[in-house]
Every structure is written in C-alpha cells, then in structure tokens.
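Read through the structure below, which is laid out as structure tokens, and then see the notes.
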Amino acid sequence: MKNDVRDAAGPADLLRMDRLPEAWIAPPATRELRELVRHRSKLVGIRSHCKAEVHAVLAKCGIQVLMSDLFGVDGTALLDRLEVPAPYAARVSSLRRVMADVEFEIDLFTNLAQGQIRSDPGYLALQKIPGIGPGLGAVFLVEIGDINGFAAAPQLACWAGLTSKHHESDAHVHRGRIAKQGSRLVRWAAVESVQRVGDRTRVGALRDRVAQGRGPNIGKVAAARVQMEYVFYALRDGHVRALPHPTTPTTQSNRSVA
C-alpha cells in the first residue's frame, strides 16, 4: 500500500510544480488532413515495393539495368520489349498494372490534400528547402501540426526521435542510438529528404562528411537533424533561413510523445 501511495504522488508533485508535459491534441481539420497524407504515404510505400519486385524479377532473369531509373522513359522501353519466360513476364506485367493503379490513387490523394493546404505559408516555405517537395512538405505540415508547441528547433528534432538516447552516471556519459520517439512519419520524411540533396548543400555536405567517418546511416541522421532546423523555421516564420549548427544541448519538448 505504501508503494501505491508513493507512486501516485509523483504526477501530483509534477502538476504542483507545473512540470507535467502538455499533450497537444490536433483539431478535427488537422486530423482529417492526416488521414489523406498518411494514406498517400502508404500508397507510395506500395509503389516502392512493386518497383523493388520488378528489379528482383529482372535480377533472377540475369537482366542488367543500366539506366538510373528503370521506370523512366528508357526503362519503360526496356520493360516493353522484355523477353523472359512466361511466368516472369506475367509477374512483371502484373506489377506494372498494380503500379499504374496505385499511381492514380497517389495523384488523387495528392490533389485532395493539396487542395486544402496549397496556400498555407508554412507549406509553401517547406517546399523551398532542398530535398522537400509537395509530398514530404505535406507530411511535415500535418504531422507536426502546431509548431508553437516547440520552443526551439532542437526540441522539434528531439520530439521526432532524431536525437541520441542519453544515459548519465556520476562519472560517465553515454549516448546511444536515436530515440525514435514521436512521429515515425516525420522521422522518415526528414531522412528521406536529406537523401535527395546534392553534396554542395549544407545538409548534403554534412551527410557525406559524417558518413565517411561513421557510416551512411549516421550521416543521414545527422543531416536530418539539421533539416529539421529548416522545417522548424519554415513552419514558424513562413520562410527559411540558414542557421549555424545548434551549440546548446538538446532539450525535451514541452509536448509529450503521445
């Protein structure tokens, strides 16, 4: 019984000291937009899976893909004149039909979402960030929601789970893998966007420099944290400005993960 009373007093003490994290609940309009954007993201994932399956079939048949995009003009011509045994040809044809149907649905849900956010200042500013187009911009806009729930850019990166876990004792400090809290979709969008930029951009240069010493995955995460700085200011101010790397330790967001 003592333990129950003691444990129950914890949240009460936090409330008394005004230290309980605030949970932001998205308004109905934002929740409805999320349905559109999330479904579109799932459709994009299905399309990517189909493309990977086509590549796998060609690999089984020993067919080299020399072009950078198998589903561009040259790649489509290659698939049209493909000569492989009937089961493999049937599989490729099926996958191409599925992709055509999925492409239609992606365009449909893109238009449904953009019809509501096309003139939003934050959405327009997001698309000026290298690596972020209409699709990823919509993900950032609707998944983050009210940017005023974050006091600074590092808090947004922390909320998205792009900062390292921190374990500290009397004499040692250990930083582990990224926390992976917050929105999985925002985290994916940040990492996806930094893979699209060239090495002459600030984000691309950081990605490649860190990757050389610590591996490509760590390089992408480091770049994604910087990308979240741009996202923060685009949503808060309606325009993007290049900032130096943050020098203060990352702090927890006022908004809870839930």
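Values quoted throughout were computed directly from the atomic coordinates according to the rules given, and no laboratory measurement underlies them. Keep in mind that this is a model prediction, so the values were computed, not measured.
Mind listing the long-range amide H neighbours of Q181? Cut-off is under 5 Å, sequence gap 5 or more, other chains count too, H placed in the peptide plane at 1.01 Å from N.
Amide H to amide H, under 5 Å and 5 or more residues apart or across chains, Q181 pairs with G161.
Can you run phi through the Karplus equation (6.51, -1.76, 1.60; θ = phi - 60°) for segment 102-119 and list ³J(HN,Hα) in whole Hz, with x for Gly and Pro?
Each residue's phi maps through the Karplus curve to give 5, 4, 4, 5, 4, 4, 4, 6, 5, 5, 4, 6, 5, x, 9, 10, 4, 9 Hz.
With bins 5 Å wide starting at 0, give me the P(r) of segment 39-135 over every alpha carbon pair, in whole percents.
Taking every Cα pair in segment 39-135, the percentages come to 2, 12, 18, 19, 15, 11, 10, 7, 4, 2, 0.
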